[in-house]
Amino acid sequence: MEARSSYRIMCLAGIRQLDLTQHCLKTFADCDKPRIDRRKQHQTLWLPATNPPAAWYVYPLPFSWDWPRNAHLAFEHAPGETWEGDTMVPGIEVRLANARPIFGWGEHSIPADAPLRRARLHRTCRNWQFAWWVRANRAVPEAEPSAATAHPEGPEQLLLR
C-alpha cells in the first residue's frame, strides 16, 4: 500500500460475521484485524491464505475528516490473480497479489426493507453498505447480538438532555 495523504485512521478488516445493527467498524462483528500503520507511506501486509475471511476491507479516514475523501477498498482471496489501483477515493494505491478487488457495491446494496436504511449514519456508512453486499453475495452470517447491542426497542441510541 502507498498512502499519498495523511490519515487519522487506517483499518483493515477480514470479515467473518456482521452486525447490521451497527455502522462503521462495529458492522464487522467478527473480523481479523491485522496491524496496519497509518503513519507509514509505504507498507506491505501479508495476509493468511489459510482459512481466509469472506472478504477483506481497508478503510483509511483522512486527516482532517471529510466523508467524500474516505478511501475504501474491498477485496477477496483469489489465488494467482493480481490487481493494482486506487481505493474507492484516490489517495491510497494498493497492489494485490493472490487477491482481487470487489466492485459494484454501494448504497444500492442496502435492501429497501432494511430496518436502518433510513438512518443517515447507517445508510451513508460505506462499511454498512459493503456489509449488506457481502451478506447477499458471500453469505456472511450475522453475529448473535451481544448484551451490549441487544435492545428490545432496537439498537442503542445516544440520549442527550
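Does the range 60-75 hold any residues that are among the acidic types (Asp, Glu) and touching a residue at least 40 places away in the same chain (Cβ under 8 Å), and which are they? If the condition is that a residue be among the acidic types (Asp, Glu) and touching a residue at least 40 places away in the same chain (Cβ under 8 Å), then no residue fits. For the range 1-37, a residue qualifies if it is part of a loop (DSSP other than H, G, I, E, B), modelled with pLDDT under 90 and either farther than 19 Å from Pro90 by Cβ or within 16 Å of the chain's Cα centre (by Cα) (or both), and the qualifying residues are Arg35, Ile36, Asp37. For the range 41-80, taking the residues that are among the small types (Gly, Ala, Ser) and buried (at least 18 other Cβ atoms within 10 Å of the Cβ), the one that is nearest to Gly106 (Cα to Cα) is identified as Ala74. The residue list Ala49, Ala114 contains one member that is modelled with pLDDT under 95, at negative phi and part of a loop (DSSP other than H, G, I, E, B), which is Ala49. Looking across the range 81-97, the residues that are farther than 17 Å from Leu45 by Cα and either of a type in the set (Val, Ile, Thr) or open to solvent by less than 30 Å² (accessible area, probe 1.4 Å) (or both) come down to Val89, Gly91.
The values are calculated or read from the model by the stated rules, or taken from the named source; none is laboratory data. Computed from a prediction, not measured in an experiment: that's the story for all the values here. Neighbour counts run over all protein chains shown; Cβ positions are idealised from the backbone, glycine included. The accessibility values were calculated without ligands, DNA or RNA, using every heavy atom of the protein model including side chains. Shrake-Rupley method; radii C 1.70, N 1.55, O 1.52, S 1.80 Å.
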